[in-house]
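S.K.: To start, I am sharing the structure in question, which I have written as structure tokens.
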Amino acid sequence: MNARVIATIVIWVILAAVLSITLTSTTGAIAQAQSGAAVFGMVLVLTIAATLSTLAIWTAGQGHPQEVQLAKAKRNPRARVERLIESLDDDEVYELEALLLRREDDSQNHTQGS
């Protein structure tokens, strides 16, 4: 089961437990309340708190789709290299090619010389 679903269930089960215990208790603030408005106010405040908590759980970590794709791309080494090469100008690309060719030649010379 998804962690968000589990967290949502936990929040609302706890809210139901708190409300049922508070509303059926013979002692405490609700038992001493003088009007239904006080009881309604407390229920409303707790329900709003549970709703905001649920909203926070479901919207957390949801960046803009472009940001999410960029974050995923950063984890892929091949994509990182592609982005780096795309960011180079023509002179830098030629320098990189020359460097790679030199390394390849050095590597071949080293293996042939052994």
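Just so you know, all these numbers are worked out from the coordinates, no wet-lab data involved. What you see is a predicted model, and the numbers here were worked out from it, not measured in a lab. In this analysis, Cβ positions are derived from the backbone assuming ideal geometry, glycine residues included, and neighbour counts consider all displayed protein chains.
S.K.: Can you compute the modelled spin-label distance between residue 16 and residue 35, with each label point 7 Å from Cα toward Cβ, in nm?
M.R.: It works out to 3.1 nm between the two label points.
S.K.: Which entry in (i) 1.06; (ii) 2.12; (iii) 2.33 matches Cα Rg over 2.2 N^0.38 Å derived from the coordinates of this structure?
M.R.: Here Cα Rg over 2.2 N^0.38 Å agrees with entry (iii).
S.K.: Same structure, new question: Got a sec? How would 1, 42 order by Cβ neighbour count within 10 Å, fewest to most?
M.R.: Exposure proxy ranking, most exposed first: 1, 42.
S.K.: Further question: Please tell me the relative contact order of region 3-59 in percent, rounded to the nearest whole number, where contacts are Cα pairs under 8 Å and at least six residues apart.
M.R.: Once divided by the residue count of region 3-59, the mean separation gives 51 percent.
S.K.: Next up: Would you kindly derive the ³J(HN,Hα) couplings of region 82-96 from the backbone phi angles with the Karplus curve 6.51 cos²θ - 1.76 cosθ + 1.60 (θ = phi - 60°), listing them in order in whole Hz, with x for Gly and Pro?
M.R.: Going residue by residue, I get 4, 5, 5, 5, 5, 7, 7, 8, 4, 4, 5, 5, 4, 5, 5 Hz, with x marking Gly and Pro.
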